[in-house]
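Some notes on the structure that comes next.
The values are calculated or read from the model by the stated rules, or taken from the named source; none is laboratory data. Everything numeric in this text was worked out from a predicted model, so none of it was measured. A quick note on method: Cβ atoms are made from the backbone with ideal geometry, for glycine too, and the neighbour counts reach across all protein chains shown. These area figures cover heavy atoms from the full protein model, side chains too; ligands, DNA and RNA do not enter into them. Shrake-Rupley method; radii C 1.70, N 1.55, O 1.52, S 1.80 Å.
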There are 2 protein chains.
Amino acid sequence: MASEKPKDKAPLTHGITVKKQDDMSEWYNQVVLKAELADYAPTHGMMIIRPHGYSIWESIQHFFNPLIEASGVRNAYFPLLIPESFFHKEKEHFEGFEAEVAWVERKDEKEERVALRPTSETIMYDTFSRWIRSHRDLPMKINQWCNIIRWEIKQTKLFLRTREFLWQEGHCAYASHEECLQDAKHFLQLYQKVAEELLAVPVIPGRKTIAERFAGADETFTIEGFMPDGKALQMGTSHDLGTNFAKPFNVKFQGDDGQEHFVHQGSWGISTRMIGAVVMVHGDDKGLVLPPRVAKNKVVIVPILFDASREEVSKAAQHMQEELKEFGAMLDTRENYSPGWKFNEWEMKGIPIRVELGPKDLAQQQCVLVRRDTGQKKFVPLQKLHAEVKSELDAMHHAMLEKARHFLQQSIHDVSTWKEFEQALDQRKLIRMPFCGRPECEKEIKEKTTATSRCIPMEEKPLSNAACVHCNQKAEWRTLFSKAY
Amino acid sequence: MASEKPKDKAPLTHGITVKKQDDMSEWYNQVVLKAELADYAPTHGMMIIRPHGYSIWESIQHFFNPLIEASGVRNAYFPLLIPESFFHKEKEHFEGFEAEVAWVERKDEKEERVALRPTSETIMYDTFSRWIRSHRDLPMKINQWCNIIRWEIKQTKLFLRTREFLWQEGHCAYASHEECLQDAKHFLQLYQKVAEELLAVPVIPGRKTIAERFAGADETFTIEGFMPDGKALQMGTSHDLGTNFAKPFNVKFQGDDGQEHFVHQGSWGISTRMIGAVVMVHGDDKGLVLPPRVAKNKVVIVPILFDASREEVSKAAQHMQEELKEFGAMLDTRENYSPGWKFNEWEMKGIPIRVELGPKDLAQQQCVLVRRDTGQKKFVPLQKLHAEVKSELDAMHHAMLEKARHFLQQSIHDVSTWKEFEQALDQRKLIRMPFCGRPECEKEIKEKTTATSRCIPMEEKPLSNAACVHCNQKAEWRTLFSKAY
């Protein structure tokens, strides 16, 4: 692993120096740093999200906010600091987070010790117990975009595993369990939309096994991505919490029957980890490849400037930028850099489309359009540029999604013996197999192989007559296993 | 129409129970809580920002982000946690924040102690020292929207003074001091736009005296609002940091002269405190009055429903909601609440325009439009509703701003003797007077009266032949003094 200590004024070495397939971990670090998505922070395990990375997060927010608002969710903000006593109310939840919780030094011994939020179920539900009185207050659907602190001691990695990250967390309360479960699945579908329709990252929606459930949940749903190095990435989760928090936090409502009932609750979250998936799934040996819908600057125009034609080419390029304004087109007029150097730089930063314009092109009223994902060059009449950019961006999204989907589908291997399991894992596959679902069995698998269950895909049907590939006991569901981030 | 309203005799138990002019502090708390802008958190001095309050913050973000983007600023995210050693690099800055800084309990004694950010100059500029190499990297303008922790021990107050609040902090580095100073004033102007053009809160832009400067700044600019209870509210600040941070954090660039130079830096911030100003400046004895541009839901439609005409009135009201969609029109169809109860509720929550529709109105193809700021009722032909709502919202913004501006201007009292100063302060005025500018003199004034200098208004000219009203030494500038939040 690359050193986490930032080098002071180290020379700026351009270009990615390892191939993605040779050392994906090092390749990933280089892409994230050199494409200027993020940087290491001075504090161990923390990250700085740079503007080029943060704009991806803003795109996710702009895509997601209207979807949840249409689902009756309202944004709010709850405190960063959570009283210690809240963690002790739901035992399973606390045990799930205990090791990762960071605490604030007390200034006054009379005040209760407080933690930095690792997630906000407890502090929100304490409040819900005061806000919810009657069935007319339900459903209550609250979301917040905020920072989260989990004191990771495992090896940290930019965007994927850091002590602080940004996320959204939705928290809902319902009168009935049906509504709760239905919404838990609904929000998972919205996550799938974010992954596939915005980020062009295909995912498998499914249910977690007992061993992989969220601490305190009756059921956890997940969207799982599969990375080119053969590791799964959990990209979003949605939990049916049942009445597990309602009881200790006393979240009750008066039903239309006049009686008091506990609410049913759900919570759901996606994080800046999504940005890591974009890098891994789409990047290549030249660097980042941004899915067009998420790119703030979808086009960069590089004019090829010679002294004799400088003025007219510059003017035409400015005109192009104006015409392509809705795509956030940038115009790279920097002196001191050659066109070739600029091409490399914008390729490394993943800008979806590059437009080149030189004097010969201009004389013929055309330009060169280059797609970042395929590298394909195309001469385009200036008159048709706007329409071509629009359709190429659209085609690019679908091509990137399809390519990644093909990889995902090719990666799934059905196994029926333990030997096949081990072989498939060596080949970095996503294993599908009949599984008993028992935490003890899963623990043994993890200890032997480091592989974990990823999910029981939504479309699976219960097995009636099959044995667990590992323990040979009755298998419940076909379940996906692999190594994971 | 009053005559056709169903009988409403239920007292509004959830209304505001004190008058604004009788006890503004208690009135403020009630409005914030009962209009559901915010709630107290379980931890002392912290707040929960409820959806109705958070949407004001989102409006501020949506208004402000395009303004700063047009000024070359890019959004990013820096870590919450700041190494202790960073605070010791700039002595004056650390002394300014020392008492308010909260620290994280150490899990590992080998790791450096870290603080929760009270502001991010130090952690950002450490990074700037690695990102900035050449004059081509300048100006560098970074902003972040984030949470801030300051362990306030004074009496806390929702939105105005809490241990955690939300803000944006812009941090810029420049090659020259001229650019730095120019931008510090530019961002202050943007703050004035937010206050006046979005929130309808008039402010006085000015410079802080030495005693009131930001810790570590060469110069602090401020926009000061003046509240109905005769206290000023600092609503946004912009600092010229000179090279005070560049030197200890070693933020240098190679100029086009080939030499290394320290950058000049500026920082600027506005916070959720702005929401407190909206409440205090515009609210009345019925509750909140939202300035129309900041209100997410600018209109509420209350249909007056009787059994005989229920269906047609409901249908017409739905049609109105559709027609007023761009104003975020809500339709209040709740059963079990009388129209009068609903009127009071939406008045308390500050919705700018209420539209009433009863069967007699419908028969005449008209409705009643009620403006929240004036309470004025107006019959409006249904055909003209959209246009009327649009123009009333616009008129309302200007009327609210003008009313508040009139109050502000009426509040300024020029004094030329210490006795007049004391009298004006008793009358809760904003005092303008010749002042020497000396921190010692200002400290004495504060100890005697609790009043502090608010600013030297931008339009003031230096005094050539005047004596300080307090100490009689040479006065430098006419300066504003008052009590303050």
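Of all residues in segment A:121-146, those that are closer than 19 Å to A:Glu69 by Cβ have Cβ atoms under 6 Å from Cβ atoms of residues that are part of a helix (DSSP H, G or I), 6 or more apart or on another chain, in A:Asn143/A:Ile68. Condition first: open to solvent by 30 Å² or more (accessible area, probe 1.4 Å), part of a strand (DSSP E or B), closer than 18 Å to B:Ala232 by Cα and of a type in the set (D, E, K, R). Now tell me which residues in segment B:444-485 satisfy that. B:Arg478, B:Lys483 - these are the residues of segment B:444-485 that are open to solvent by 30 Å² or more (accessible area, probe 1.4 Å), part of a strand (DSSP E or B), closer than 18 Å to B:Ala232 by Cα and of a type in the set (D, E, K, R). Checked against (1) among the acidic types (Asp, Glu); (2) touching a Phe, Trp or Tyr at 6+ places or on another chain (Cβ under 8 Å); (3) surrounded by fewer than 22 Cβ atoms within 10 Å (Cβ to Cβ), B:Glu178 passes all but a single condition, namely (2). Filtered by the rule that a residue be modelled with pLDDT of 95 or more, open to solvent by 20 Å² or more (accessible area, probe 1.4 Å) and touching a strand residue (DSSP E or B) at 6+ places or on another chain (Cβ under 6 Å), segment B:214-236 gives B:Asp218, B:Glu219, B:Lys231, B:Gln234. In segment B:421-437, the qualifying residues are those that are open to solvent by 70 Å² or more (accessible area, probe 1.4 Å) and more than 27 Å from the chain's Cα centre (by Cα), and the one that is farthest from B:Arg207 (Cα to Cα) is B:Gln423. Within segment A:230-247, is even one residue more than 30 Å from the chain's Cα centre (by Cα) and outside the structural domain of A:Asp426 (by TED's automatic domain parsing)? So far as segment A:230-247 goes, yes, one or more of its residues are more than 30 Å from the chain's Cα centre (by Cα) and outside the structural domain of A:Asp426 (by TED's automatic domain parsing). Scanning segment B:116-128 for residues that are open to solvent by less than 10 Å² (accessible area, probe 1.4 Å), within 9 Å of chain A (Cβ to nearest Cβ) and farther than 23 Å from A:Ile153 by Cβ gives B:Met124, B:Thr127. Being out of contact with any His (no Cβ under 8 Å at 6 or more places or on another chain) and within 30 Å of A:Arg454 (Cα to Cα) is a condition met by no residue of segment A:314-324.
The set of residues in segment A:39-65 that are at the interface with chain B (Cβ under 9 Å from one of its Cβ atoms) and assigned to a strand (DSSP E or B) comprises A:Asp39, A:Met47, A:Ile48, A:Ile49. You will find that of B:Phe94, B:Phe78, B:Phe87, the residue that is touching a helix residue (DSSP H, G or I) at 6+ places or on another chain (Cβ under 9 Å), within 7 Å of chain A (Cβ to nearest Cβ) and either on the phi < 0 side of the Ramachandran plot or of a type outside the set (S, T, N, Q) (or both) is B:Phe78 and no other.
In segment A:362-385, what count of residues is obtained for those that are surrounded by fewer than 16 Cβ atoms within 10 Å (Cβ to Cβ) and either farther than 26 Å from A:Gly283 by Cα or outside the structural domain of A:Pro303 (by TED's automatic domain parsing) (or both)? Total meeting the criteria: 6. The residues of segment A:306-324 that are under 21 Å from B:Gly72 (Cα atoms) and in a loop (DSSP other than H, G, I, E, B) amount to a single one, A:Leu324. Based on this model, can you work out whether A:Leu362 counts as touching a residue at least 24 places away in the same chain (Cβ under 8 Å), touching a helix residue (DSSP H, G or I) at 6+ places or on another chain (Cβ under 9 Å) and at negative phi? Spelling it out, A:Leu362 is indeed touching a residue at least 24 places away in the same chain (Cβ under 8 Å), touching a helix residue (DSSP H, G or I) at 6+ places or on another chain (Cβ under 9 Å) and at negative phi.
Considering segment B:251-269 alone, what residues qualify as being in contact (Cβ under 8 Å) with a residue 40 or more places away in the chain and either open to solvent by 70 Å² or more (accessible area, probe 1.4 Å) or aliphatic (A, V, I, L, M) (or both)? B:Val251, B:Gln254, B:Asp256, B:Val263, listed by residue number.
Residue check, B:Ala99 against (1) open to solvent by 10 Å² or more (accessible area, probe 1.4 Å); (2) closer than 30 Å to B:Asp284 by Cβ; (3) more than 9 Å from chain A (Cβ to nearest Cβ); (4) small (Gly, Ala, Ser), all met but one. Which one? Exception for B:Ala99: condition (2).
Scanning segment A:129-155 for residues that are out of contact with any Cys (no Cβ under 7 Å at 6 or more places or on another chain), open to solvent by 10 Å² or more (accessible area, probe 1.4 Å) and part of a loop (DSSP other than H, G, I, E, B) returns A:Arg133, A:Leu138, A:Arg150, A:Trp151, A:Glu152, A:Ile153, A:Lys154, A:Gln155. The number of residues in segment A:325-339 that are in a loop (DSSP other than H, G, I, E, B), under 12 Å from A:Pro352 (Cα atoms) and either within 13 Å of chain B (Cβ to nearest Cβ) or in contact with a His (Cβ under 7 Å, 6 or more places away or on another chain) (or both) comes to 1.
Of the numbered criteria (1) in a loop (DSSP other than H, G, I, E, B); (2) away from every other protein chain (no Cβ under 12 Å); (3) within 30 Å of A:Val278 (Cβ to Cβ); (4) of a type in the set (D, E, K, R), the one A:Glu169 fails is (1).
Of all residue pairs spaced 6 or more apart or on separate chains, those with beta-carbon atoms under 8 Å, a first member in segment B:103-115 that is more than 9 Å from every other protein chain (Cβ to nearest Cβ) and surrounded by 14 or more Cβ atoms within 10 Å (Cβ to Cβ) and a second member that is in a loop (DSSP other than H, G, I, E, B) and not β-branched (Val, Ile, Thr) are B:Ala115/B:Ala102. Applying the condition of being more than 19 Å from the chain's Cα centre (by Cα) and at the interface with chain B (Cβ under 9 Å from one of its Cβ atoms) to segment A:129-156 and asking which residue is farthest from A:Ile270 (Cα to Cα) yields A:Arg136. A:Pro291 fulfils the conditions (1) outside the structural domain of A:Ala399 (by TED's automatic domain parsing); (2) open to solvent by 40 Å² or more (accessible area, probe 1.4 Å) except for a single criterion, (2). Filtered by the rule that a residue be part of a helix (DSSP H, G or I), within 27 Å of the chain's Cα centre (by Cα) and touching a residue at least 40 places away in the same chain (Cβ under 8 Å), segment A:403-420 gives A:Ala404, A:Arg405, A:Phe407, A:Leu408, A:Ser411.
Going by what's in this entry, would B:Phe159 be described as open to solvent by less than 10 Å² (accessible area, probe 1.4 Å), aromatic (Phe, Trp, Tyr) and within 14 Å of chain A (Cβ to nearest Cβ)?
On the way: open to solvent by less than 10 Å² (accessible area, probe 1.4 Å): yes; aromatic (Phe, Trp, Tyr): yes; within 14 Å of chain A (Cβ to nearest Cβ): yes.
It is true that B:Phe159 is open to solvent by less than 10 Å² (accessible area, probe 1.4 Å), aromatic (Phe, Trp, Tyr) and within 14 Å of chain A (Cβ to nearest Cβ).
The set of residues in segment A:213-250 being closer than 27 Å to A:Ser85 by Cβ, in contact with a Ser or Thr (Cβ under 7 Å, 6 or more places away or on another chain), in contact (Cβ under 8 Å) with a residue 24 or more places away in the chain and assigned to a strand (DSSP E or B) consists of A:Thr237, A:His239, A:Leu241.
Residue check: B:Cys441 meets all listed conditions (1) open to solvent by 70 Å² or more (accessible area, probe 1.4 Å); (2) in a helix (DSSP H, G or I) but one, namely (1). Among residues of segment A:447-467 that are over 13 Å from A:Lys208 (Cβ atoms), those with a beta-carbon under 6 Å from a residue that is part of a strand (DSSP E or B) and open to solvent by less than 40 Å² (accessible area, probe 1.4 Å) at least six positions away or on a different chain give the pairs A:Ala451/A:Phe481; A:Ala451/A:Ser482; A:Leu463/A:Pro434; A:Ala466/A:Pro434.
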